[in-house]
Structure formats: structure tokens, C-alpha cells
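Undergrad: Questions regarding the structure given below will be posed in turn.
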Amino acid sequence: PLGRAAQRALRRPALRPSAARMMPLPIVYPARGFTAAESSAAAEVSTLLGDESAPKYVVVSADDPIGLVASELSQAGRGASAIVQDGGIVVGIFTERDYLKALSCASDNPAEECIVPTDDMTLQTVELFATPVRAFVTPAAELITVEPSCTIVSALRLMGARGIRHLPVIKPGASPARLDVASLVGVLSIGALADWVQRDSEMLQSRFIDRLSEMNPRFRSQPGGSGQVGMLAAIGVLFATAIVLFTEQTWITAHWQLVMVGSFVLGYVGIIFEELFDLNKGAVGLLMATLMWAVYIEFSGMGDRAFLEEQLSQHLAEVSDICFFLLAASTIVEVVDAHQGFRALTDRLQVSSKSTLFWLVGVLTFFLSAILNNLTVTIVMVSLMRKLLDSDDERKLFGAMIVIAANAGGVWTPIGDVTTTMLWMNGQLSTAHTITDLFACSLVSLIASMAVLQLSVEPSPQLAAGVPPPPPALAAPKKPAPSSAGLVLGVGVGALLSVPVFVEKTGLPPFMGMLTGLGALWVVTDALHAEEQKEELQVPAALSKLDTSGILFFLGVLMAIGALDASGLLKQLAVALSNAFPSDEVVAAIIGVASALIDNVPLVAATMGMYDMAQYPQDAQLWQLIAYCAGTGGSILVIGSASGVALMGLESVDFIWYLKKASFAAAVGYAAGIAAYLGQGALFSHVLSAS
């Protein structure tokens with residue numbers, strides 16, 4: 001909070017030019033700190049003054065003509081101001097607003113207020129440029145100043161409340177009543193402060209994306225807390241496992257299947273409770289895969305070593321296809337996002353009805369997630385809702401809808417949800433049948449869920465053209481998108497959409513098509529920015545922002561599943577499930593519900609090894625239902641998908657709120673989609689039999 005003097009000043013209305021002369025002395029607002037836990041916008045203004053992008057100011061004499069001062073301001077750049085001095089003492093400040101006021105002559109009393117005559121424009125301009133600048137300055141007695149220790153947020157609030165655009169910063173202890181030039185530290189502008197806050201917001205969002213797995217503060221380790229205890233327990237388990245491997249080889253040889261299953265279960269527990277143990281799930285996945293393959297090759301006795309190592313190489317090749325595919329696709333999306341390519345879509349959401357906005361955002365999210373990863377689409381759309389909706393509850397509700405729409409939209413294309421991509425790359429699904437057979441049920445799922453969620457939307461029909469805009473002094477200028485944004489968006493989306501066509505025409509693996517698209521985009525961005533030296537817009541910068549630990553997690557989990565597949569354990573599990581649940585629909589539905597609690601990647605990877613394609617060929621009902629159920633089932637609980645976890649961090653949505661407000665709607669959509677898929681299959685069968 002500000003001091004009492006500052007609070008009184010903030011409560012007063014902004015000064016009009018005529019009323020401003022009544023202020024006898026400048027006002028100095030000392031700094032009052034924010035906690036370090038808040039964003040860097042709570043930093044001191046001295047930090048901003050030291051930035052290269054800080055606005056410049058020039059010191060001029062009170063007798064200098066306006067023409068000369070205006071020229072110096074133009075050379076100093078946007079947001080610059082002139083400190084006017086006479087004998088080393090500050091007389092006042094001259095800004096572009098003072099210059100425009102002189103030109104406008106908008107007073108009710110021209111004889112008194114108009115600075116130049118209006119009968120002859122040439123004479124007016126000459127007289128204006130030759131007039132000493134002291135005649136038009138904002139006097140020093142009317143200035144509001146701050147000290148370097150004032151926070152950026154406090155300065156921004158003060159400028160907005162007082163209706164000023166420039167804020168001089170003076171040394172601590174300097175006398176505002178008689179301010180000399182040597183006591184001036186710098187001059188802040190409203191534009192520079194707003195730019196700083198916007199950059200800070202973008203930095204926080206980028207940090208959130210890069211460290212998604214570290215968002216939930218409840219499980220972060222504290223000194224001596226549960227996180228460190230969990231980590232020590234995990235290290236103890238690993239140490240004990242290593243001792244057993246070296247000392248109990250006879251027992252392991254006799255029970256190698258039990259050891260593999262136990263290793264998988266322990267690893268899976270570590271993945272599920274990674275926040276509790278304070279261990280990254282990528283590390284757990286890699287250790288789990290290594291241990292299981294070591295046990296299988298060393299102790300199974302299912303063939304000679306060369307044969308077993310050949311199995312390892314074969315599974316590694318299959319898993320690497322998926323990892324390279326995800327790496328290339330994620331890089332393409334990151335490059336497009338760096339160019340603000342998606343803003344061309346989100347900026348078109350200009351509606352006044354909440355109901356219209358609700359459905360428009362849902363449909364747009366549904367189709368965007370069909371070509372982009374669900375996490376990126378969720379973050380983009382939820383961030384957009386912050387600009388359009390004032391109410392926290394409404395933003396949470398719209399965010400829940402976005403999660404459901406993103407997960408449903410990723411189901412029906414091979415490049416949407418990662419589980420569909422896995423099934424497609426492994427041959428269980430084809431491009432054409434995935435789109436034609438799963439689109440309808442995914443859309444039905446979305447519509448059913450949104451229909452239920454809309455009942456909770458406030459009945460007020462108007463958004464009043466969106467959220468009322470902030471005061472001009474507080475409105476942060478939009479960072480302009482690079483001129484190449486449209487081209488990069490077109491090339492990036494084209495690269496993503498062309499992968500299925502590439503596979504059909506060349507017969508090469510999908511990851512080759514995605515790498516080809518990345519290479520094309522790389523060449524385009526290098527050509528666009530070769531002379532500009534904008535490294536942040538090029539592919540190497542995008543690669544540095546990728547969630548590499550997530551890709552290594554895929555590698556570890558899929559290799560662990562591969563070990564279970566090679567050992568025959570997955571086949572035994574498939575037989576047990578088929579005996580317990582003869583219906584494929586029930587098995588797929590159970591997998592979908594389980595994906596609300598358990599990561600759907602290992603679930604789908606396990607089913608890929610459990611069921612033989614000789615019995616369930618490409619595009620069989622089982623594979624399509626697994627793709628649908630694993631993709632949409634994660635929406636039932638907020639922790640069931642990466643999109644849901646992102647919503648938890650972006651809008652502080654907790655597990656209980658989502659369970660009360662959105663889980664029922666997601667479950668209704670989930671069931672409606674299954675019914676739509678089965679009804680569609682029955683209808684096609686009836687039509688075929690009738691013909």
C-alpha cells in the first residue's frame with residue numbers, strides 16, 4: 001500500500017490544466033514495497049530506468065525556442081520529455097502533450113488561452129516555433145515526483161489516478177520545492193511502464209509453459225517437508241533395488257516377471273505422485289525403462305542375447321518415431337506462437353453476447369486443437385478470456401469449457417491429441433477413417449458438455465463490447481505482431497496439415513513428414529530474419545523453450561511398455577481383460593475413465609501391446625474407441641489432462657471446484673460421444689446390409 005499522503009492524492013480527481021496551477025508544491029511519494037512473491041512489476045522504478053528501452057529525456061534551457069526543443073524530443077524517441085531549467089533549477093517539464101495543446105488552441109477563451117493567432121497558418125507556425133519553451137511547460141510547482149525506490153505498480157497506479165503521462169524520478173532527500181537538475185534521476189512515461197508490465201506478464205506465461213510440471217505450489221518441497229521426505233524415500237527405493245540386482249540374481253532369475261511388474265508399478269506410482277516425491281516424471285520414466293529392459297535381457301532367458309537386444313533396438317526405433325514427431329510438431333507451434341501468428345485468430349473474437357462468446361470460443365478451440373497440441377490451445381484461449389471477462393467465476397467456467405473442447409478436438413485427427421497420434425503412427429488408425437469416424441462423436445461430446453455447462457453461465461446477455469476498457473493511462477499498448485506473422489502462420493499450419501498427405505503419397509513414416517515441415521519453416525524464418533538479427537523469432541530459440549523433459553518422459557514410458565510387450569506380459573493382461581469384460585466397448589470405456597486419474601499415454605501404449613492387430617486390424621472399433629475414450633476421458637477430472645493442469649495454474653482452479661462445476665458436464669459429453677459413435681456404427685451397418 002501507498003502512504004497516507006499518496007492515498008489522499010489518489011482519491012482526488014485528476015487535475016485539469018487550469019486547476020493544476022493551484023497546487024503549491026510538488027508531491028513526493030516514497031516507495032512502499034510489494035512482496036517478492038509478486039511479479040517483477042513490483043520491482044523498483046530504478047530497475048526500469050536502467051533498462052535500454054527506458055524513455056529518454058533531454059535538458060533544455062527555458063529560453064530555447066519550441067522548434068528546437070521539439071526537434072530534440074523527436075530525436076530522443078517515443079515517450080521522451082524535456083526538462084526545462086533556468087540556471088540549473090528545474091522550471092518545469094515539456095512533453096508532446098504540451099506541444100499538442102499549443103497547436104490545438106481548444107480553449108473556451110481564445111484571447112486568453114490561445115497561444116498563437118489563427119488567421120494565418122504560416123505566421124502561426126513561425127511564431128510558435130520561435131516562442132521560448134518556458135511559456136508552455138508544466139510548472140515545477142505542479143509536478144508529481146517519485147523516488148527511485150517507488151515500485152513500478154505504485155507508479156503506474158499513481159499516473160492513472162492523476163491523469164499524467166510523465167513522472168519525474170528524483171534522488172532521495174531532494175527538495176521538490178526547489179529541484180535542481182543534478183537531483184533528477186530520470187523521467188518515467190506511461191507507455192514505458194505499461195510495456196514493462198506487459199513484458200512481465202508474457203515472461204510469467206512463458207515461464208509457466210516451460211515449467212508446467214512445477215505449477216502446483218502445494219507439493220513443492222519445503223525444508224524438511226514432505227517433498228524432501230518423498231525424495232529421500234524414492235532414492236532409498238532405487239538404492240535398495242540396485243543392491244537386490246547385484247546380490248539376488250538367482251531369485252530374480254526365478255521371478256523375473258514379478259520384478260518387471262513391480263518395477264513398472266513402482267515407476268508408475270512415482271509418475272502419478274511426482275509432485276509429492278519432488279521428482280520429475282521424465283527421470284522416473286527413464287529409470288523405469290532401463291531397469292525393466294535390464295531385467296528382461298539379463299534374467300528372462302527367452303532367447304539369446306543378440307535376439308533380445310534386437311527386440312530392444314526394434315522398440316527403440318518405434319518409440320523414437322513418436323518422439324521425433326512430437327519434437328518437430330512442438331517446435332513448429334512454438335515458432336508460430338513466437339511470431340504471434342495465433343493472434344490473427346483470437347483478435348477476431350469481437351462479440352457482445354456471453355452466450356455467443358461461449359459457443360464461439362468452444363468451437364474455435366475444438367478445431368484449433370485438431371491441428372495444434374491441446375496444451376498450447378488451452379493456454380492461448382484461457383489467456384484470451386482474461387481480456388474479455390471480468391468475473392473470476394466466469395473465467396473459470398469458460399476455462400473448464402476450453403479444456404473439454406481442446407481434449408475433444410484433439411481426438412479426431414492424427415496430429416491432434418498425442419494418444420491418437422501414437423495409435424496412428426503405430427498403424428492402428430488411418431488418416432481418413434480417423435477423421436470420418438471420430439469427428440461426429442467428438443463433436444457430439446463437445447455439444448453435450450457445453451449445453452450442460454452453459455446452464456451455469458450468468459444470464460446477463462451483454463458483454464458491453466467485451467470488458468470495459470481500462471483508462472487510457474493504464475491501457476498497455478499491444479505489442480505489434482511481426483510483419484511476417486501471417487506468412488509464418490500459413491507455413492506452420494500448412495506443414496502440420498500436410499503430414500498425412502506426405503505419408504499417403506510417399507509411404508514414409510509420419511515423423512519424416514513432420515521433420516520436413518519443420519525444415520521448411522526453419523528455412524523461411526532464417527530468410528525472413530537474416531538481416532534483422534531477431535534470434536527470439538528463429539527455430540533455435542523455439543527449441544530452447546520446448547519441454548524436453550516431457551519428450552524424455554514419453555521415451556521412458558513407451559520403452560517400459562515395450563519391455564512388457566516383449567516379455568509377453570501385456571498379452572496375458574489382454575487375455576485377462578477379455579475374459580472379465582468380453583465387450584470391447586466396456587474395455588475402452590474403462591480406459592477412458594481411468595485416464596481421468598492416470599496419464600493416458602502409458603494407458604494407450606499398454607493397449608497397443610495388449611491387443612494383436614491380427615485380431616483387431618487397422619481402424620477396428622476397439623482402436624477408434626480407445627482413441628476417443630482416452631482423449632475425452634481426461635476431461636472428467638481437472639488432473640486428467642495437461643490442459644486441465646494448465647487451467648489449474650492459469651486461473652487457480654482447484655480439484656474440488658472443477659469436480660463440482662465441470663466434471664458432470666464432461667461425463668455427460670463423454671457418454672454422449674460413446675453413444676454417438678456406437679449409433680453411427682449401427683447406422684452404417686444397417687445401411688450396408690440394406691443395400
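The values are calculated or read from the model by the stated rules, or taken from the named source; none is laboratory data. Predicted model only: the values in this text are computed from it and were never measured. Cβ placement follows ideal geometry from the backbone for every residue including glycine, while neighbour counts extend to all protein chains displayed.
Undergrad: Take Phe264 and decide whether it is aromatic (Phe, Trp, Tyr), modelled with pLDDT under 75 and not assigned by TED's automatic domain parsing to the domain that holds Leu647. Even if it seems obvious, please write down each step before you answer.
TA: Details: aromatic (Phe, Trp, Tyr): yes; modelled with pLDDT under 75: no; not assigned by TED's automatic domain parsing to the domain that holds Leu647: yes.
It is false that Phe264 is aromatic (Phe, Trp, Tyr), modelled with pLDDT under 75 and not assigned by TED's automatic domain parsing to the domain that holds Leu647.
Undergrad: Which of the numbered conditions does Ala400 fail, given that it passes all the others? Conditions: (1) over 18 Å from Ser445 (Cβ atoms); (2) crowded, with 24+ Cβ neighbours inside 10 Å.
TA: The single condition Ala400 does not satisfy is (1).
Undergrad: Same structure, new question: Restricting to segment 515-554, give me the number of residues that are at pLDDT 85 or above, within 13 Å of Phe325 (Cβ to Cβ) and not polar (S, T, N, Q).
TA: The total comes to 3.
Undergrad: Moving on. Filter segment 584-593 down to residues that are free of Cβ contacts under 8 Å to residues at least 40 places away in the same chain and surrounded by fewer than 17 Cβ atoms within 10 Å (Cβ to Cβ) and give me whichever is farthest from Met422 (Cα to Cα).
TA: Step one: list which residues in segment 584-593 are free of Cβ contacts under 8 Å to residues at least 40 places away in the same chain, which gives 586-587, 590.
Filter once more, keeping what is surrounded by fewer than 17 Cβ atoms within 10 Å (Cβ to Cβ): 586, 590.
On the way: Val586: 21, Ile590: 19 Å.
The selected residue is Val586.
Undergrad: From the residues in segment 135-147 that are surrounded by fewer than 18 Cβ atoms within 10 Å (Cβ to Cβ) and touching a residue at least 40 places away in the same chain (Cβ under 8 Å), which one is farthest from Gly67 (Cα to Cα)? Steps first, please.
TA: Step one: of segment 135-147, the residues surrounded by fewer than 18 Cβ atoms within 10 Å (Cβ to Cβ) are 135, 139, 141.
Okay, now just the ones that are also touching a residue at least 40 places away in the same chain (Cβ under 8 Å), so 139, 141.
Working: Pro139: 19, Ala141: 25 Å.
It comes out as Ala141.
Undergrad: If I filter segment 579-620 down to residues being among the aromatic types (Phe, Trp, Tyr) and touching a Leu at 6+ places or on another chain (Cβ under 8 Å), which single residue comes out as farthest from Ala289 (Cα to Cα)? Please lay out each step first, then the result.
TA: Filtering segment 579-620 down to residues among the aromatic types (Phe, Trp, Tyr) leaves 581, 611, 616.
Checking which are touching a Leu at 6+ places or on another chain (Cβ under 8 Å) leaves us with 611, 616.
On the way: Tyr611: 21, Tyr616: 27 Å.
Taking the candidates together, the pick is Tyr616.
Undergrad: Something else: Being assigned by TED's automatic domain parsing to the domain that holds Gln621, surrounded by fewer than 24 Cβ atoms within 10 Å (Cβ to Cβ) and over 20 Å from Lys354 (Cβ atoms) narrows it down to one of Ala408, Ala440, so name that one.
TA: Details: Ala408 fails: surrounded by fewer than 24 Cβ atoms within 10 Å (Cβ to Cβ).
Among Ala408, Ala440, only Ala440 is assigned by TED's automatic domain parsing to the domain that holds Gln621, surrounded by fewer than 24 Cβ atoms within 10 Å (Cβ to Cβ) and over 20 Å from Lys354 (Cβ atoms).
Undergrad: Could you go through segment 651-670 and let me know if any residue there is at pLDDT 85 or above and not in a helix (DSSP H, G or I).
TA: yes
Undergrad: Can you name the residue in segment 299-316 that is surrounded by 13 or more Cβ atoms within 10 Å (Cβ to Cβ) and under 46 Å from the mean Cα position of the chain (by Cα) and, of all such residues, is farthest from Gly562 (Cα to Cα)?
TA: Phe299
Undergrad: What residue, among those in segment 609-648 that are among the hydrophobic types (A, V, I, L, M, F, W, C), closer than 20 Å to Ser663 by Cα and part of a loop (DSSP other than H, G, I, E, B), is modelled with the highest pLDDT?
TA: Of everything passing the filter in segment 609-648, Ile636 is modelled with the highest pLDDT.
Undergrad: Considering only segment 168-183, how many residues are modelled with pLDDT under 80 and in a strand (DSSP E or B)?
TA: Looking only at that region, the number is 1.
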